[in-house]
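Structure record follows, encoded as structure tokens.
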Amino acid sequence: MPHNITLVPLPPYSPELNPVERVWLYLKERFLSLRLLNDYKAIVTAATRAWRRLSRQSGRLASLTSYPWIMKVMQRVKY
């Protein structure tokens, strides 16, 4: 293991500890729910549009992925 990487063990199922779960939930709730899409290409297009809309919202991604425990871990890491 490289000296500059700190492993933080998580429980086997811990969506509340995984920041991307909150991003996915936000995308589903705001842009992707209650829609019927015809095929795989339509799903990819809808997901891409949702991601682009999210990325244009200044600060939203940071607010969705900021957990207090992440900041504590980051403070312990030496660069």
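When the residues of segment 38-79 are filtered to those that are of a type in the set (S, T, N, Q), assigned to a helix (DSSP H, G or I) and within 17 Å of the chain's Cα centre (by Cα), which remaining residue is nearest to His3 (Cα to Cα)?
Thr65
If I filter segment 1-35 down to residues being surrounded by 14 or more Cβ atoms within 10 Å (Cβ to Cβ) and within 15 Å of Gln57 (Cβ to Cβ), which single residue comes out as farthest from the chain's Cα centre (by Cα)?
Taking the candidates together, the pick is Phe31.
Here are some conditions: (1) under 26 Å from Leu10 (Cβ atoms); (2) in contact (Cβ under 8 Å) with a residue 12 or more places away in the chain; (3) open to solvent by 40 Å² or more (accessible area, probe 1.4 Å). Leu64 meets all but one. Which one does it not meet?
(3)
Conditions first: (1) surrounded by 10 or more Cβ atoms within 10 Å (Cβ to Cβ); (2) modelled with pLDDT under 90. Ala46 passes all but one, so which condition is the exception?
Looking at each condition in turn, Ala46 falls short on (2).
The values are calculated or read from the model by the stated rules, or taken from the named source; none is laboratory data. Quick caveat: nothing in here was measured; it's all calculated off a predicted structure. Positions of Cβ are backbone-derived with ideal geometry, glycine not excepted, and every protein chain shown enters the neighbour counts. Note: accessible area is taken over every heavy atom of the protein model, side chains too, but ligands, DNA and RNA are not part of it. Shrake-Rupley method; radii C 1.70, N 1.55, O 1.52, S 1.80 Å.
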